[in-house]
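I have placed the structure first, in the form of structure tokens, so that the comments after it can refer back to it.
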Amino acid sequence: MAKATTGKARFKVQRALGIELPGLGKTGALERRPYGPGVHGNKRKKISDYAVRLKEKQKLLFHYGLREKQLVKYVKLSKRDITSGKPWMEILITNLESRLNNVIFRLNWAPSVPAASQMVSHGQILVNGKKVDRASYVTKVGDVISLSEKGYNNQLYKQCLETPRLPSVPANFKVEGTDKKKAEIIANPMPEDIPFEYDGQLVIEHYWKVK
């Protein structure tokens, strides 16, 4: 599945799913036309059980900026993790929330997950004082996240300080600083902290064959 790369495409994705996904950027996707895209988007449709489960999976795909193969890989890793004793769906969400690009977005240092990925790829993100340029890098408890000088001067970062995309920063971050912020990860992210509604049970059902 291709990523939604333009603002127009992102709005269409959110209208098709019937929900605003903060990771895709600015608000307002459902304000004017709170129904699916296309000439028949406002008509009632009979939705199959498969389509319902598919929609829940797609929420994760598009919010976190993943492709299907990437998400399946995370599902497999989560199902194989038997050391934590937690349900695999909870492990999955923790892993997705711990991706470096998502961490930057959740800290309100970027207006969207794609914008956060760009900051990472441009070498503007530091983890424990060292540059990390992989958006998929998985952070862990104890990591300290900060920006390079170029990152702190990034106009998107400065705009986010004035008008943050999300109403709050999750409690698993300890944030310090005013203009040049840094954040320590003091706990694992909680599934209930995800900034959009989703039904984990439907995702479980969709991927029940994946091992």
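We did not get these values from a lab; they are worked out from the coordinates using the rules stated. Worth saying up front: this structure is predicted, and the values here are computed from it rather than measured. Glycine also receives a Cβ, built like all others from the backbone with ideal geometry; neighbour counts cover every protein chain displayed.
When Lys and Arg each count +1 and Asp and Glu each count -1, what net charge do the other residues less than 12 Å away from residue 143, Cβ to Cβ, add up to?
Numbers: positive: 130, 140, 174, 182; negative: 184.
Result for the local shell: +3.
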Can you sort 49, 81 so the residue with the fewest Cβ neighbours within 10 Å comes first?
49, 81
What is the set of long-range amide H partners of residue 147 at a cut-off below 5 Å, with H atoms built 1.01 Å from backbone N?
126
Just want the ordering: 136, 146, from fewest to most Cβ atoms lying within 10 Å of their own Cβ.
136, 146
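Could you list 145, 125 in order of exposure, starting from the residue whose Cβ has the fewest other Cβ atoms within 10 Å?
On the way: 145 22, 125 27.
Lowest to highest Cβ neighbour count: 145, 125.
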Point-to-point label distance, residue 131-residue 161, nm (Cα→Cβ direction, 7 Å offset):
2.2
Phi to ³J(HN,Hα) by Karplus 6.51 cos²θ - 1.76 cosθ + 1.60 over segment 136-152, Hz, x for Gly, Pro:
7, 3, 8, 7, 9, 4, x, 5, 10, 9, 8, 10, 6, 4, 4, x, 5
State, to one decimal in nm, how far the label point of residue 149 lies from the label point of residue 173, with both points 7 Å from Cα in the Cβ direction.
2.4
Report the net charge of residues surrounding residue 208, where surrounding means a beta-carbon distance below 14 angstrom and charges are Lys +1, Arg +1, Asp -1, Glu -1.
+3
Over the chain, the sum of -39500 (n - 2.57) across DSSP H runs of at least four, divided by residue number and rounded to 500 deg cm²/dmol, gives at 222 nm -11500 deg cm²/dmol
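Find out how many positive minus negative residues lie around residue 111, taking Lys and Arg as positive, Asp and Glu as negative, among other residues whose Cβ is under 14 Å from that of residue 111. Don't skip to the end; give the middle numbers.
On the way: positive: 10, 26, 106, 158, 165; negative: 20, 162.
Net charge around residue 111: +3.
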